[in-house]
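The values are calculated or read from the model by the stated rules, or taken from the named source; none is laboratory data. The structure presented is a predicted model; accordingly, all values stated were derived computationally and were not measured. Neighbour counts run over all protein chains shown; Cβ positions are idealised from the backbone, glycine included. Areas reflect the complete protein model, heavy atoms only, side chains present, ligands, DNA and RNA absent. Shrake-Rupley method; radii C 1.70, N 1.55, O 1.52, S 1.80 Å.
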Amino acid sequence: MSAPERIRVELNARSYDILIGTGLLAEAGGHLAKLLARPRVVVVSDENVARLYLASFEAKLDRAAIAHDRIVLPPGEKTKDFAHLERLLDALIALRIERTTTIVALGGGVIGDLAGFAAAIALRGIDYVQVPTTLLAQVDSSVGGKTAINTAHGKNLVGSFYQPRLVLADLGVLDSLPRRDLLAGYAEVAKYGLIDDASFFAWLETNAAALLAGDSALRGHAIGVSCRAKARIVGADERESGQRALLNLGHTFGHAIEAEARYEGEVLHGEGVAVGMVMAFDLSVRLGLCAAEDALRVRLHLKDAGLPTELAGLGGRAWDARRLVQHMHRDKKVQDGRLTFVLARGIGQAFVAHDVPAERVLPVIEDALAA
Ligand code: GLY
């Protein structure tokens, strides 16, 4: 087992490490023991992840003399709601957690966002550690301290910026990830190339097939590049007053798609982001900002990887362009009633536009549906 890659998220007193490597789940007890205020954790997970990893994870905690309890929630985006947050907080309090107890979020983005938010507000804030078990969580949601639940009005509308103490990304867990979830995470990997790293996007064009087929070295490289990019951006703009918004490439479209699909699982977050990134490039072309060839390259790469790229037919349902624009108006990034989009002047040249009129967005969605 080679030494894991260590990436530092520099946030002064709230700085922490991301460890990336194979076998980190087996070594978790040792990594945790070094940073816990007291040797007691509550592991929050979902039923699918718990079935695969929880018993062996707990055995490692035993070996490191760390006391542990577990709270296991249903899988799926619908768990990220008020009802499950309440259930989780009640369970934590019933376990008589103390301010020195640490939560371990063992799961994908849903568990990480929900458990992180619970950690932020339980007893006015206790420590938590992210142990992401999906590609999406490893390259995006477990890093940077965005925690949240969805509401009936939209995605991630209630939450906080609350940084974890450590992120342990074990490459081995990706082998058991269903193909659809792996691909959904891949959309967020490609996002880093599209934002500001054209050479990484070109590397992905060459290596994505082997990476997705299971090459661990390629996966490790791509996750490392992604986490370094995320650590740099979060370190410079933790609370998204500037460049962190670039990480939302594809998300204004994607969140509207997810909200319209009511988080039922017919469209995964990464699938919404993939279609959303294609639409963001299409919008950029329509606004005269980006060459059509670049938008085509984005579409072809994501399609070749196996991701959905077209709104028409996505999730096997009919979409309504006006309803999607209505969802966009509830987005956290709306300023003075105007929509915010991440647009691009080309691959690796994304920028934030706060003044995109809805009239310019609607035809892009209508065209996508007519295609
Ligand atoms: N997932 C976007 C961000 O962390 O800012």
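Given the residues 327, 354, which is the only one that is out of contact with any Leu (no Cβ under 6 Å at 6 or more places or on another chain), open to solvent by 20 Å² or more (accessible area, probe 1.4 Å), under 21 Å from residue 150 (Cα atoms) and not polar (S, T, N, Q)?
After applying the criteria, what remains is 327.
Going through the stretch 20-58 one residue at a time, which ones are of a type outside the set (S, T, N, Q) and assigned to a loop (DSSP other than H, G, I, E, B)?
23, 24, 25, 26, 27, 36, 37, 38, 39
Looking at this structure, is residue 176 modelled with pLDDT under 95, in contact with a helix residue (DSSP H, G or I) (Cβ under 7 Å, 6 or more places away or on another chain), open to solvent by 50 Å² or more (accessible area, probe 1.4 Å) and of a type outside the set (D, E, K, R)?
yes
Determine whether residue 55 is in contact with a strand residue (DSSP E or B) (Cβ under 9 Å, 6 or more places away or on another chain), at pLDDT 95 or above and among the small types (Gly, Ala, Ser).
no
Step by step: first the residues of the stretch 264-284, then only those that are open to solvent by 10 Å² or more (accessible area, probe 1.4 Å) and more than 15 Å from the chain's Cα centre (by Cα), then the one that is nearest to residue 361 (Cα to Cα). Which residue is that?
Restricting to residues being open to solvent by 10 Å² or more (accessible area, probe 1.4 Å) and more than 15 Å from the chain's Cα centre (by Cα), the top hit is 282.
Considering only the stretch 109-139, state which residues are free of Cβ contacts under 8 Å to residues at least 60 places away in the same chain and among the aliphatic types (A, V, I, L, M).
119, 120, 121, 122, 123, 126, 137 - these are the residues of the stretch 109-139 that are free of Cβ contacts under 8 Å to residues at least 60 places away in the same chain and among the aliphatic types (A, V, I, L, M).
Of the residues in the stretch 241-254, how many are open to solvent by 20 Å² or more (accessible area, probe 1.4 Å) and away from the ligand (no atom under 11 Å from the Cβ)?
So the count comes out to 2.
If you check residue 128 against the conditions, is it of a type in the set (Phe, Trp, Tyr) and open to solvent by 30 Å² or more (accessible area, probe 1.4 Å)?
When the stated conditions are applied, residue 128 does not pass them.
Condition check ((1) more than 24 Å from residue 155 (Cβ to Cβ); (2) within 25 Å of the chain's Cα centre (by Cα); (3) modelled with pLDDT under 95; (4) open to solvent by 50 Å² or more (accessible area, probe 1.4 Å)) across all residues:
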{"site": "75", "(1), (2), (3), (4)": "no, yes, no, yes"}
{"site": "81", "(1), (2), (3), (4)": "no, yes, no, no"}
{"site": "84", "(1), (2), (3), (4)": "no, yes, no, no"}
{"site": "87", "(1), (2), (3), (4)": "no, yes, no, yes"}
{"site": "94", "(1), (2), (3), (4)": "yes, no, no, yes"}
{"site": "97", "(1), (2), (3), (4)": "yes, no, no, no"}
{"site": "104", "(1), (2), (3), (4)": "yes, yes, no, no"}
{"site": "108", "(1), (2), (3), (4)": "no, yes, no, no"}
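So, in the stretch 1-19, of the ones that are in a loop (DSSP other than H, G, I, E, B) and open to solvent by 100 Å² or more (accessible area, probe 1.4 Å), which residue ends up modelled with the highest pLDDT?
Going residue by residue through the stretch 1-19, those that are in a loop (DSSP other than H, G, I, E, B) are 1-4, 10-11, 15.
Filter again for open to solvent by 100 Å² or more (accessible area, probe 1.4 Å), leaving 1, 10.
Working: 1: 58, 10: 98.
Per the stated criteria, the residue is 10.
Against the definition (open to solvent by less than 10 Å² (accessible area, probe 1.4 Å), within 12 Å of the ligand (Cβ to nearest atom), closer than 24 Å to residue 78 by Cα and in contact (Cβ under 8 Å) with a residue 40 or more places away in the chain), how does residue 258 come out, yes or no?
no
Restricting attention to the stretch 188-211, report how many residues are hydroxyl-bearing (Ser, Thr, Tyr) and either within 16 Å of the ligand (Cβ to nearest atom) or under 16 Å from residue 342 (Cα atoms) (or both).
Residues meeting the conditions: 1.
Looking at (1) among the hydrophobic types (A, V, I, L, M, F, W, C); (2) under 27 Å from residue 235 (Cα atoms); (3) crowded, with 19+ Cβ neighbours inside 10 Å; (4) within 21 Å of the chain's Cα centre (by Cα), find the lone condition where residue 28 falls short.
(4)
Determine if the stretch 129-138 includes at least one residue that is within 16 Å of the ligand (Cβ to nearest atom), more than 19 Å from residue 254 (Cβ to Cβ), of a type outside the set (D, E, K, R) and out of contact with any Leu (no Cβ under 6 Å at 6 or more places or on another chain).
Scanning the stretch 129-138, I find at least one residue that is within 16 Å of the ligand (Cβ to nearest atom), more than 19 Å from residue 254 (Cβ to Cβ), of a type outside the set (D, E, K, R) and out of contact with any Leu (no Cβ under 6 Å at 6 or more places or on another chain), so the answer is yes.
Working only within the stretch 78-108, note down all residues that are out of contact with any strand residue (DSSP E or B) (no Cβ under 7 Å at 6 or more places or on another chain), touching a residue at least 24 places away in the same chain (Cβ under 8 Å) and in a helix (DSSP H, G or I).
78, 89, 93
Any residue that is open to solvent by 20 Å² or more (accessible area, probe 1.4 Å), assigned to a helix (DSSP H, G or I), within 15 Å of the ligand (Cβ to nearest atom) and touching a Phe, Trp or Tyr at 6+ places or on another chain (Cβ under 9 Å) - is there at least one of those in the stretch 213-222?
Within the stretch 213-222 (the criterion being open to solvent by 20 Å² or more (accessible area, probe 1.4 Å), assigned to a helix (DSSP H, G or I), within 15 Å of the ligand (Cβ to nearest atom) and touching a Phe, Trp or Tyr at 6+ places or on another chain (Cβ under 9 Å)), the answer is no, since none of the residues qualifies.
Take residue 274 and decide whether it is among the aliphatic types (A, V, I, L, M), within 22 Å of residue 147 (Cβ to Cβ), more than 11 Å from the ligand (Cβ to nearest atom) and out of contact with any strand residue (DSSP E or B) (no Cβ under 8 Å at 6 or more places or on another chain).
no
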